Each structure stands twice: as structure tokens, then as C-alpha cells.
């Protein structure tokens, strides 16, 4: 497959600095076909060696990234401390240096009313979303503290700040992750490590198999009708899609912001990057 880095949304906006990050290692934990895939492409275009980690590294979208962009793919269950420790050791050994940028994207949740949701599924969601973040951050800190630099970035959600009905499990995990990020920012920033939290407050649009925007990304515009799961589009009463530009978050644009955070000067570090489309309801 001949997919070049020039397709990256980022490169049309001149936010890259390939000299600054050339040869450095970025590790993305909780990799999948959406935001993590965009981060992999954007980081690689900026000069990083990129490692992806997930419980299922054989996902087609991840193997495609390996083939097209030369990223490395690893199997890891972030809930298992031993898995995460082994991941960092393997990445460091195979890529030649410890990661300077670590992104935690993993999450899981059990959605449903409190009187019907399975407690074991809820427990797993809390472990993945919060304890998994702790495991990854701890291993990152082990390598970053001695050298006094690095970035640890946590992906949050609307549920990081707002609890929604029938979504208590997701809120527990994301609230916990937010608390972890805030505590670590106070602990690690004075040691030269940038810790940042990214609440994604809106729907993320889907990219196709060539990492291009799919045809329908509208969220608003129809006054009636039902939501249709086709890139997040909303269908009008006549069956036509109501398509407005940029009403969903572009995953490449989110990845740009992650890269911007890593490249920020330490005299002006940001902690909370609250990302939302211009038309998202408050």
C-alpha cells in the first residue's frame, strides 16, 4: 500500500518540526483505528519512531499502519502491570531509546441502567480506564524522571467532567483518569515532565481505509430524524444527510494538538486541553 505521510491533515498546517523529534520514540497505548491511528501517522510524520500497543495488535487498521508507515505494533493489556513493564522494556530495546512521548488512549465501559449493568463489566471498565492509566504513567515516569524530560498525555472525554445517565461506569473511569492526570501533573511537572489531560468533548469523525475523511461527518442541521451511525451523520426527515463541515472532531486535528502539547515550551505548559468542535453544544 502506498500511503504517504503527506496525506496527514497536520502537514497542510505546518505544525511539524521533524528535526526536533527526529529519531525519538512515541508510544501510544490503547491503539485502535481512530484517534490512535491518527496519532501514529502525525507523530511519524514529525520524525518520531512510533510504537502502538493494544490487546489486539492484529486489527486490520493497525497492521495497515505497520505496512504503510513503518510503525511497530505490540500486544499489551494495560491492566496487567507486568505487561506494561515488559512493553516499555521491549520498546526501549527494539527502538534504541526510552519513549519521550507516551499517550494513554485506552478505555472501556459498561453502559446501561444501574439496576441492570453487570458489576464485573463495570469493574473491568474502571480498571482499563483508570488503573491502566496508572500502570502506563508509572512505567513512563521510571524512565523520564532520571533524564528530566518527556510527555505523558491522557485522553479524556466529556465524561471526565460530566456524569451522564446510564453511563456511570464510563464516568467512574474517566473521572479517575482525570484525577490521576492532575495529581501527576503536580508531581512530575516540577521534574521536567509534561503531563496533560485531553477531554474530547464531542464526536470524533471516522476516516476511511486510506486515512481520508469519510463522506458524512455532520452532527447538527436536521431538526428531526434519527442519528445514523455513518461517520456520525444525522439523517433528515427526507433521508438525506445534513452535512456541515467540521461539526465533528477530525482525529488528525486532535493528534496535532497532542503533538503541540509535547512541543510546548516548559515555561508555558498547558494541563487541560478541552477539545470540542465549534458547533458542539455546551
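The values are calculated or read from the model by the stated rules, or taken from the named source; none is laboratory data. What you see is a predicted model, and the numbers here were worked out from it, not measured in a lab. So basically every Cβ, Gly included, is an ideal-geometry build from the backbone, and we count neighbours across all protein chains shown.
Yes/no matrix, rows are residues, columns are (1) more than 15 Å from residue 53 (Cα to Cα); (2) touching a helix residue (DSSP H, G or I) at 6+ places or on another chain (Cβ under 6 Å); (3) surrounded by fewer than 23 Cβ atoms within 10 Å (Cβ to Cβ):
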| position | (1), (2), (3) |
| --- | --- |
| 82 | no, no, yes |
| 87 | no, no, no |
| 92 | no, no, yes |
| 96 | yes, no, yes |
| 106 | no, yes, no |
| 112 | yes, no, yes |
| 117 | yes, no, yes |
| 121 | yes, no, yes |
Suppose we keep only residues that are surrounded by 21 or more Cβ atoms within 10 Å (Cβ to Cβ) and out of contact with any strand residue (DSSP E or B) (no Cβ under 7 Å at 6 or more places or on another chain) within the range 238-254. Which one would you say is modelled with the lowest pLDDT? 247
Hey, residue 211 hits all of (1) crowded, with 20+ Cβ neighbours inside 10 Å; (2) touching a strand residue (DSSP E or B) at 6+ places or on another chain (Cβ under 8 Å); (3) at pLDDT below 85 but one; which does it fall short on? (2)
Test for residue 216: is it modelled with pLDDT under 65, surrounded by 14 or more Cβ atoms within 10 Å (Cβ to Cβ) and within 30 Å of residue 67 (Cβ to Cβ): yes
When the residues of the range 61-77 are filtered to those that are part of a helix (DSSP H, G or I) and touching a helix residue (DSSP H, G or I) at 6+ places or on another chain (Cβ under 6 Å), which remaining residue is surrounded by the fewest Cβ atoms within 10 Å (Cβ to Cβ)? 61
Mind checking which residues of the range 43-60 are part of a helix (DSSP H, G or I), touching a helix residue (DSSP H, G or I) at 6+ places or on another chain (Cβ under 6 Å) and free of Cβ contacts under 8 Å to residues at least 40 places away in the same chain? 44
Taking only the range 78-106 into account, find how many residues are within 12 Å of residue 30 (Cα to Cα) and in a helix (DSSP H, G or I). 1
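Out of 132, 125, 156, 143, report the one residue that is in contact with a helix residue (DSSP H, G or I) (Cβ under 6 Å, 6 or more places away or on another chain), assigned by TED's automatic domain parsing to the domain that holds residue 102 and not in a strand (DSSP E or B).
125
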Are any residues in the range 160-175 over 22 Å from residue 186 (Cα atoms) and in a helix (DSSP H, G or I), and if so, which ones? 168, 169, 170, 171
